[in-house]
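Worksheet: the structure to be examined is printed underneath.
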Amino acid sequence: MKSPLLLLPGAVPAEGVDEGVAAHYGDLFREQRALADGSGFVDLSHRGVVTVTGEDRLAWLHLLLTQHVEKLPPHQATEALILSPHGHIEHALYLVDDGATTWAHVEPGTQEALIAYLESMKFFYRVEVADRTGDFAVVHLPAGSIAATPEDVVARETPHGRELFLPRERLEEFAGAHGPAAGILALEALRVEGHRPRLGFETDHRTIPHELGWLETAVHLQKGCYRGQETVARVHNLGKPPRRLVFLHLDGSEVHLPPPGTEIRNADDGPEGRKLGFVTTSVRHHELGPVALALVKRNVPVDARLTAGGTAAAQETVVEP
């Protein structure tokens, strides 16, 4: 879905998964600084929006999600995962319930598969699942923003900012009143700084929640009855996920960032050394310079000197080995 805000002055379209919104509006670092200072907003209108209504909605979702949502209070934001039978991450949902409807936004293009799964699990429960992507646009307001949430708009309030489920026809009006706009690259830089994983970026077909630190935010370890729970419990009790998320400070003298998938090796082993992991997201941060998130093998020493495609990389622990 192509955002009308791509017509704003300086807008440069994003590519790949984030196609449809602006990568930036002409000044990446200025946009990052604005968000860090609590001003502006980010157009996330390409993200999928899914709603669940019906009196059984929270009890039903509780059976399917990794998070404890059975008694989720109205307007309290949470996040949750849907796992495969083997415990691999399939979907990430960013949720809030307004007292009558549970709202979720998800990665662009994943809503159809998510809804298909949810529909297959309805059975006798009194719930209705709907794709509202065509009706509502997600808008991100940074932490500290003084912009007011319109009374008739559902919002998720998190430590990292506020996400509005804004009626799509009001997106341009909102932009005019709450500018300046910041592009998705500015938000990605702050996400990497905050060590926050993103589905499809830090995940592949075999990722489990323990590897990314999602146990702390998206998994409730005292609940059961969801697909993949056995893997979550077993790995948590043994304490041995195969990989772990790290934060990398990259050599700032390099012109190009290592793209996602770039192999990570031990610098002491040379360019032909054993592969230890791979870059998942790399960005240029307005204060930290070039930085990245990466997945490495669990037993990589925390003080190991690493390279990412030949670029020197100092690691910072995100998930303890």
Item to check | Set PRO142, PRO197: member being surrounded by 23 or more Cβ atoms within 10 Å (Cβ to Cβ) and in contact with a Leu (Cβ under 8 Å, 6 or more places away or on another chain) | outcome: PRO197
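Would you please name the residue that is surrounded by the fewest Cβ atoms within 10 Å (Cβ to Cβ), looking only at residues in the stretch 20-29 that are on the phi < 0 side of the Ramachandran plot and in contact (Cβ under 8 Å) with a residue 40 or more places away in the chain? It would help to see each step written out before you state the result.
Pass one, the stretch 20-29, residues on the phi < 0 side of the Ramachandran plot: 21-25, 27-29.
Those left that are additionally in contact (Cβ under 8 Å) with a residue 40 or more places away in the chain: 21-25, 28-29.
Details: VAL21: 25, ALA22: 26, ALA23: 18, HIS24: 21, TYR25: 23, LEU28: 20, PHE29: 14.
Filtering first and then ranking leaves PHE29.
How about the stretch 18-32: which of its residues are part of a helix (DSSP H, G or I) and either within 14 Å of GLY179 (Cα to Cα) or touching a Phe, Trp or Tyr at 6+ places or on another chain (Cβ under 8 Å) (or both)?
Residues of the stretch 18-32 that are part of a helix (DSSP H, G or I), as a first pass: 18, 28-32.
Answer for the stretch 18-32, where residues must be part of a helix (DSSP H, G or I) and either within 14 Å of GLY179 (Cα to Cα) or touching a Phe, Trp or Tyr at 6+ places or on another chain (Cβ under 8 Å) (or both): ARG30, GLU31, GLN32.
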Checklist entry - Considering only the stretch 143-185, how many residues are closer than 17 Å to ALA22 by Cβ and of a type in the set (Lys, Arg)? => result 1
Next on the checklist: For the stretch 40-57, give me each residue that is buried (at least 19 other Cβ atoms within 10 Å of the Cβ) and over 19 Å from the mean Cα position of the chain (by Cα).
Outcome noted: GLY40, VAL52, ARG57
Item to check | Residue in the stretch 108-129 that is charged (D, E, K, R), under 21 Å from CYS225 (Cα atoms), surrounded by 18 or more Cβ atoms within 10 Å (Cβ to Cβ) and modelled with pLDDT of 95 or more present | outcome: no
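So that you can scan it fast, the table gives a plain yes or no per residue for (1) surrounded by 14 or more Cβ atoms within 10 Å (Cβ to Cβ); (2) modelled with pLDDT under 95; (3) not acidic (Asp, Glu):
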position: TRP214; (1), (2), (3): yes, no, yes
position: ALA218; (1), (2), (3): yes, no, yes
position: GLN222; (1), (2), (3): no, yes, yes
position: VAL232; (1), (2), (3): yes, no, yes
position: ARG243; (1), (2), (3): yes, no, yes
position: LEU250; (1), (2), (3): yes, no, yes
position: SER253; (1), (2), (3): no, yes, yes
position: GLU272; (1), (2), (3): no, yes, no
Next on the checklist: I'd like to verify a number: residues in the stretch 216-252 that are without any contact (Cβ under 8 Å) to a residue 60 or more places away in the chain and closer than 23 Å to LEU276 by Cα, how many?
Outcome noted: 7
Next on the checklist: Take ILE264 and tell me if it is surrounded by 22 or more Cβ atoms within 10 Å (Cβ to Cβ), in contact (Cβ under 8 Å) with a residue 24 or more places away in the chain and over 22 Å from the mean Cα position of the chain (by Cα).
Outcome noted: yes
Next on the checklist: Against the condition open to solvent by 40 Å² or more (accessible area, probe 1.4 Å) and either within 27 Å of ALA186 (Cβ to Cβ) or touching a residue at least 60 places away in the same chain (Cβ under 8 Å) (or both), how does PRO259 come out, does it pass?
Outcome noted: yes
Next on the checklist: Given the criterion in contact with a helix residue (DSSP H, G or I) (Cβ under 7 Å, 6 or more places away or on another chain), in a helix (DSSP H, G or I), open to solvent by less than 20 Å² (accessible area, probe 1.4 Å) and at pLDDT 95 or above, identify the matching residue among LEU171, LEU190.
Outcome noted: LEU171
Checklist entry - Condition test on GLY161, is it at pLDDT 95 or above, surrounded by fewer than 15 Cβ atoms within 10 Å (Cβ to Cβ) and closer than 30 Å to LEU288 by Cα? => result no
Checklist entry - Out of curiosity, is VAL283 at pLDDT 95 or above and open to solvent by less than 80 Å² (accessible area, probe 1.4 Å)? => result yes
Next on the checklist: Against the conditions (1) open to solvent by less than 20 Å² (accessible area, probe 1.4 Å); (2) over 30 Å from GLU287 (Cα atoms), where does GLU90 fall short? Just the number, please.
Outcome noted: (1)
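The values are calculated or read from the model by the stated rules, or taken from the named source; none is laboratory data. These numbers were taken from a predicted model, which means no experiment stands behind them. Here the Cβ is made from the backbone with ideal geometry for all residues, glycine too, and neighbour counts use every protein chain on show. What goes into the accessible areas is simple: the full protein's heavy atoms, side chains included, and nothing from ligands, DNA or RNA. Shrake-Rupley method; radii C 1.70, N 1.55, O 1.52, S 1.80 Å.
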